[in-house]
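For reference, the structure discussed in these notes is given below.
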Amino acid sequence: MKLKEAIIKLGAASSVATAKYLSDTLNIDWDDGASVIFKIISEDHARIPGNIGAVNDDEEMAISKWIHRYKGGKEGCASLRVSNPPGTIDDPVIEKIIGSRIGTLSANDLNKITYAHRLGMSAENILGLILEEYLADNLKAYGWHCAWGETVKSVDFVHVDGRLLQIKNRSNSENSSSGAIRKGTQIEKWFRVKADRIEYMWDSLNKICGTVHLSEDKFVEFVQNTLKANPDCLAVEDGNPWARKP
């Protein structure tokens, strides 16, 4: 059965008790955020992810899959992550297009452009994870806990008082489905930077979260420290000319 069916069948109290038991078996500190996150979906069925649970799962198995997803998301945070390089290859005609438009570029220049683009895409792929971890680290003391592994539908952070927060990196990064889900709900929304100009929105997040210390400078510092401590967070392909020592 799906997770939603399992929670409805067990009821909120029994679902929470089952989730706590399963967390203990996986050495997850139930009181370090997991309890806050699971409580939300046990009481608000609209927030239960629809893609957890299979036809042959019983109630415990469906809830176990949620616990595993939460654990996997938390352990896959940027500071611990080993990222894989892009799994696709570039279309060679892209370099031909660029070279035809800017004829002064050499074959080596075009090769570097290709690898720079791939490196940029890899950086964009982990940006959301770094932002999520920065907020998780800095909001926990204020009662906000991360819904690691997309364990609450269209919600990234949950407060101990039940408030819900959805975060995005840029103002244009929300898709239509998540926007539709948020309509008519109490989910607050925040994005880090506007898409059409460099205007950071940390003041609005500080207001939402009751904080004063969140800022772009602090976030950049966190980015740099994270990559310094865990360079493998950003995958750099073998043969990337930008990675060669001079």
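The values are calculated or read from the model by the stated rules, or taken from the named source; none is laboratory data. What you are looking at is a predicted structure, and each value in this text was computed from that prediction instead of being measured. FYI the Cβ positions are ideal-geometry reconstructions off the backbone, even for glycines, and counts take in every protein chain you see.
Observations
- Any chance TYR21 is surrounded by fewer than 16 Cβ atoms within 10 Å (Cβ to Cβ), among the aromatic types (Phe, Trp, Tyr), outside the structural domain of HIS159 (by TED's automatic domain parsing) and in a helix (DSSP H, G or I): yes
- If you check THR114, THR88 for being part of a loop (DSSP other than H, G, I, E, B) and among the hydroxyl-bearing types (Ser, Thr, Tyr), only one passes: THR88.
- The conditions of being farther than 20 Å from LEU119 by Cα and in the same structural domain as LYS2 (by TED's automatic domain parsing) are met by GLY33.
Yes/no matrix, rows are residues, columns are (1) among the acidic types (Asp, Glu); (2) in a loop (DSSP other than H, G, I, E, B); (3) free of Cβ contacts under 8 Å to residues at least 60 places away in the same chain:
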position: SER35; (1), (2), (3): no, no, yes
position: ILE41; (1), (2), (3): no, no, no
position: ALA46; (1), (2), (3): no, no, no
position: ASN51; (1), (2), (3): no, yes, yes
position: VAL55; (1), (2), (3): no, yes, yes
position: ALA62; (1), (2), (3): no, no, no
position: LYS65; (1), (2), (3): no, no, no
position: HIS68; (1), (2), (3): no, no, yes
position: LYS74; (1), (2), (3): no, no, no
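- Residue that is modelled with the lowest pLDDT, among those in segment 164-194 that are surrounded by 14 or more Cβ atoms within 10 Å (Cβ to Cβ) and aliphatic (A, V, I, L, M): ILE181
- Filter result for GLY87 (closer than 27 Å to GLU132 by Cβ and loosely packed, with under 12 Cβ neighbours inside 10 Å): yes
- Within segment 91-104, residues that are assigned by TED's automatic domain parsing to the domain that holds ARG118 sit with their Cβ atoms under 8 Å from residues that are surrounded by 11 or more Cβ atoms within 10 Å (Cβ to Cβ) and assigned to a loop (DSSP other than H, G, I, E, B), at 6+ positions apart or across chains, in these pairs: ILE98/LEU105; GLY99/LEU105.
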